[in-house]
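As C-alpha cells, the structure follows; a few thoughts come after it.
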Amino acid sequence: MKPAEIPGLPPGVDDQLAGEGIEELYPPQAEAVEAGLTDGESLVASVPTASGKTLIAELAMLSAVQRGGKALYIVPLRALASEKKTEFERWEDHGISVGVSTGNYESSGEWLASRDIIVATSEKVDSLVRNNAGWIDQLSCVVADEVHLVDDRNRGPTLEVTLAKLRQINPGLQVVALSATVGNADEVADWLDAELVHSEWRPIDLRMGVHFGNAINFDDGSQREVPVEGSQRQTEALVGDTLDEGGSTLVFVNSRRNAESAAKRQGGVVERRLDSDEKADLQDLAEEIRGVSDTETSDDLADCIENGAAFHHAGLASEHRSLVEDAFRDRLLKVICATPTLAAGVNTPSRRVIVRDWRRYDGEFGGMKPLDVLEIHQMCGRAGRPGLDPYGEAVLLSKDADTMDELFERYIWADPEAVRSKLAAEPALRTHLLATISSGFANSREGLLEFLEATLYATQTGDDGRLESVTDSVLAYLEANDFIEREDGTIRATNIGHTVSRLYLDPMSAAEIVDGLQYAEQNRGEEAATSEGQRERPAADEEAEPEGFVSASELQTDAEDGSESETEPVDDSQPPARPTPLGLYHLVSRTPDMYDLYLKSGDRETYTELCYEHEAEFLGRVPSEYEDVAFEEWLSALKTAKLLDDWASEVDEDRITERYGVGPGDIRGKVETAEWLLGAAEQLAGTLELSSRVAVREAKKRIEYGVREELIDLAGVRNVGRKRARRLFEAGIESRADLREADKGVVLGALRGRQKTAETILENVGREDPSLEDVEAVETETAAVARGGSGEPESDNGTDDGQSSLGDF
DNA sequence: CCGTGTATTCTCTAGACAGCATGTC
DNA sequence: CTAGAGAATACACGG
C-alpha cells in the first residue's frame, strides 16, 4: 500500500510521507489501515520494536483530526513525551497543532484545549481526568504506547483504569494500543473491542544468538567467529569485533556498578580504534559532561567518554543521559553499558546489542531472578538501525554449553509472556477507587464494581471474587481514614478525600501525612485523633517523653537552623512544637509515594543513633527497634530525610552523593518527589486548618531552592539559585529589599564580576536602575558580620562541608 | 621494605509517575 | 532451598 492509497488523511500528508522516503507501507501498517485505522476503528498493534508503530499512531491521529476530532497520545515516560512531540511537530505545516502535558512540563489548560494532538504520560492523563480537564470529552482518538505496561505492578493499573475511564467518558472513542509482541495481544484487543494486528515482521533483520567459547551461535544455525583473547572478557571481544565492522554496541547489565565498571573496561577496547578527530570531539563531550554536575559519577562518566565509551543508568542527571544518548546516536560514542533504563527509554538503536546479564537481584525472590522474556526481547529489539545497518544482532553471553542451551530455550526460542492485569491489588485500588468516587464515576459499591468490569482485569478473570473482596477492604480503609462516607449504600468522597484525589496522592501517603501533621498539632503528649484504617494504633501510654528531651532537641534545632527569630518575627505565637524540617522530611519520606533508599552496611547503626538523637522531632511514634519490623523502614526513610535535610542545608552535591552512595540523578529525583509531597502536605494542612502549614511551606521552599532558611527570600528571585543567594548573603545582601537598595559594586562583587548576570538579576528583583555600566566589583568579605552580626559565624561559606552540625558523620 | 600478582573475603544490588506555579550556575 | 560481579583485603613472592 502506498501513502496515496491511505484513506481519510488530511490533504498533503501522503505527499509528505512520500517525501520522507516512504513509498510503501510496512506490512503491519498496511494491515492496520485495512483494518480501518484511518476510519476510526480501534486497533491493537502487537508488533516488534522499530517496525513502524509510530506511523500507525500518526495515521490514526491525523485522520481523526481530519474528521474534526482531537487525539491523545499516552506515553509511559516523560522523556518520551518530548521525543514524540518533536516527531509530531513535523505535521504542523498541515495545520496540526501539538501540545504536551507532563508533571514537569505543561502547556496551560486552555492552550491544550486548542491543540489537535496532545502527548501526555498516563499519570498525567489520569490526573487530568480527576480534575475534569475540559478537553477530555472532546477526544476522538487515544493512542496508548507500550500498552503491555499494564502488566507493571506499580504503574500498570493507572494506564488500565485511565483507558477504561476515557472510553466511558467518550463511548465512540477510537483506541489505538501499541504493544510489543506479547503472548496474549488477543485478550488486550478483546478488552478494548479492537481489531488485532499481530506481526513478527521487522524492517531490518534481527539475528539473535549466544556467544560461547570463541563464537556467536545464531538462531539460524550460523556461527560467527569471535575469539576471546588473553585476559579479555567476552563483552570486550564482541565490542571490538563490532567496532572493526564499523558498528556500535549497546551492552545491558544488571546493576549500576556493573555498568560503570564495564564501561571503564570497554574504554580500552574502543580507545585504540579512534582517530584523532573523534578523540577531540570526545574530549569536548567529556568536558560538557563534567560541567553538568560536580560529582564523582560525572567525572567517571567523562573519563569513560574520553575513550569513546559510556555508562547509562538512573543515577545520572538527565542532562548526562541525553548527552550520552545523542552522542551515541551520532556515532561518536561507540559503546554504552546500560541498566534497563535504556531498553524502555528513548530511541537508541545500535548495530549490535549484548545482553550480558540475564538475571537480576530481587530481594523478594531471594536471589538472582531471570529477566522476563519480554524484557530481554525489548533489549534485543534495540539492535539494528533502520536505514543504516544491514541487520541487527542481539547476543546473549554464556560461559558454558549448558547455559547456552538454556538461553536459547528460555529467551531466543521462547514467546514473550502474556500481559496480566495487576489491578486487583490494594495499593492500586486504594488510589483508583478513591479517584473513581471522587470524580463522580461511581457512587456505590455496585457502581464501582460495574466500572471495574470495564477493565482488563475483569476481561481476564472470569471470577471477580477477588476484585470484590479487595474492593471491600479498600473501601473500609478509605472510610476509616475519612476519605469517603457511606450512607445507605451511597458512597461519596469527603472534602479531604477530594483533595487527596486531586493532589494525586496515594491515600495511604495522605493518611500518613495527615496523621503526622495532627500529631504535631496535638503538641506532643496527646494522641493524634484520627482513625487509622489498617495501621496499628500506638497505645496511649508511650507518649510520656521526658520534658528535657524535647527542649534539648529544640535547642539543637535552633542551632542548626540559624536565625529563625530574625527572619520570622510574625510567627512567634505558634505552638511550641512547631514541626522541624527534618521531621517533615521524614514524614514525607516514609509515605509509599517516596521510593526507599537502600540501607548499606553500617547505615543501620548510624541511623539508629541519629534516630534517637532526633526522636523528639518525628511526627509520629518511632517503632520499637527490637520488636517492630517497621523500624528498618523508619531508618531508611530517615536516611532519605537526612539527604533532603543536607540538600536544604546547602551541602554540596558531591558531598551528598558520596555520603549516601547515590548519583546526581537520584538527588534530583528525591528532591522532586519531596517537593511534590510537601506541596501536597501544605494543601492538606490548609484543608484541615492546621497551624503547621507555615512550617510545611517553609520546609518545601528550602527543598525547592536547596537553601537554608535565611536564603529563602533571595533564592526566590529568578536566576538566583543556592550558590548565588549564598554569595549575595555573605556580601551583606540578605533579602530582595536589600538587593534593590544595595551598592551595585557589592552586588557585582558577590556575583563574581559577571555583569550580564548581575544586571539580569537586578532586573528580575525589580530594581529601578539595573544597569551596571561602569560599576566596579567590590569585594566584601566581612560584610555579613558588619551588618549587625546576623550572619552566622561559621555555618557558612555554604559550599564546603562542616555545616550540618548534627549527625554529621 | 616495597611493589606486584593472586587468592580470598566482603559488599551490594533497576527504574521514576504525580500538584502548583514559574524559572538554575 | 536459590547469585554473582566487583572491590577490598590478605597473602605470596621476587627483588
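Taking a ≥ b ≥ c as the square roots of the eigenvalues of the Cα gyration tensor of region A:242-327, is the shape rounded (a/c under 1.5), prolate (a/b larger than b/c) or oblate?
On the way: a/c = 1.81, a/b = 1.21, b/c = 1.50.
Note, shape of region A:242-327 comes out oblate.
Calculate what fraction, in whole %, of the accessible area of region A:3-198 sits on carbon and sulfur atoms when a 1.4 Å probe is rolled over the protein chains.
Working: 3130 of 6990 Å².
Answer for region A:3-198: carbon and sulfur cover 45 percent of the accessible area.
If packing is taken as the average number of other Cβ atoms within 10 Å across a peptide's residues, how do A:312-318, A:650-656 rank, most packed first?
Details: A:312-318: 22.6, A:650-656: 19.9.
Descending mean neighbour count gives A:312-318, A:650-656.
How much FRET efficiency would the formula 1/(1 + (r/R0)^6) give for A:SER255 and A:GLN283, where r is the Cβ-Cβ distance and R0 is 25 Å, rounded to 0.05? Please list the in-between numbers first.
Values: r = 29 Å, r/R0 = 1.15.
With R0 = 25 Å, the Cβ-Cβ based efficiency is 0.30.
Antiparallel DSSP bridges in chain A: what percent, to the nearest 5? Please list the in-between numbers first.
Values: 16 of 65 bridges.
Expressed as a percentage, antiparallel bridges in chain A total about 25.
With a 1.4 Å probe and every protein chain kept in, tell me what percent of the accessible surface of region A:714-786 is carbon plus sulfur.
On the way: 1610 of 4020 Å².
Using a 1.4 Å probe with all protein chains present, region A:714-786 comes out at 40 percent carbon and sulfur.
A:ALA215's amide H: which non-local residues (gap 5+, or another chain) put their own amide H closer than 5 Å, with H modeled 1.01 Å from N in plane and none for Pro or chain starts?
For A:ALA215, whose amide H was placed from the backbone, the distant partners under 5 Å are A:VAL226.
Would you mind working out the accessible area per residue for chain A, using a 1.4 Å probe, and quoting it in Å²?
Numbers: 34120 Å² over 809 residues.
Normalised by residue count, the accessible surface of chain A is 42 Å².
Using modelled amide H (1.01 Å from N, peptide plane; none on Pro or chain starts), what sits under 5 Å from the amide H of A:SER444, excluding residues fewer than 5 places away?
Long-range HN contacts for A:SER444: A:ILE491.
For a distance above 37 Å, tell me the whole-number percent of Cα pairs in chain A that qualify.
Values: 169118 of 326836 pairs.
So the portion of pairs separated by more than 37 Å is 52 percent.
Consider a paramagnetic label point 7 Å from the Cα of A:THR760 along Cα→Cβ; state which residues of region A:707-745 have an amide N under 12 Å from it.
Output list for this probe position: A:718-721.
Which FRET efficiency, nearest 0.05, do A:GLU675 and A:ARG752 yield, Cβ-Cβ r, R0 30 Å?
On the way: r = 28 Å, r/R0 = 0.95.
After rounding to 0.05, the efficiency reads 0.60.
Could you tell me the calculated FRET efficiency between A:GLU92 and A:GLU409, based on Cβ-Cβ distance and R0 = 45 angstrom, to the nearest 0.05?
Efficiency, from the Cβ-Cβ distance: 0.35.
Given the rule -39500 (n - 2.57) for each run of at least 4 DSSP H residues, summed and divided by the residues of chain A, what is its mean residue ellipticity at 222 nm, to the nearest 500 deg cm²/dmol? Intermediate values should be presented prior to the final figure.
Working: 36 runs with 369 residues, N = 809.
For chain A, the value works out to -13500 deg cm²/dmol.
With the crude spin-label approximation of a point 7 Å out along Cα→Cβ, what separation in nm comes out for A:ASP190 versus A:ALA630?
For A:ASP190 paired with A:ALA630, the spin-label model returns 4.2 nm.
Given axes a ≥ b ≥ c from the Cα gyration tensor, I'd like to know whether region A:565-719 is rounded (a/c under 1.5), prolate (a/b larger than b/c) or oblate. Kindly include the intermediate steps, with their values, before the conclusion.
Numbers: a/c = 1.79, a/b = 1.24, b/c = 1.44.
Oblate is the answer for region A:565-719, as a/c is 1.5 or above yet b/c matches or exceeds a/b.
I need the shape label for region A:99-145. Rule: rounded when a/c is under 1.5, else prolate if a/b > b/c, else oblate, with a, b, c from the alpha carbon gyration tensor.
Values: a/c = 1.15, a/b = 1.05, b/c = 1.10.
Rounded, because the longest to shortest axis ratio a/c is under 1.5.
The values are calculated or read from the model by the stated rules, or taken from the named source; none is laboratory data. Since the structure is predicted, the reported quantities are computational estimates derived from the model, not experimental observations. Virtual Cβ from ideal backbone geometry, glycine too; neighbours counted across all protein chains shown. Note: accessible area is taken over every heavy atom of the protein model, side chains too, but ligands, DNA and RNA are not part of it. Shrake-Rupley method; radii C 1.70, N 1.55, O 1.52, S 1.80 Å.
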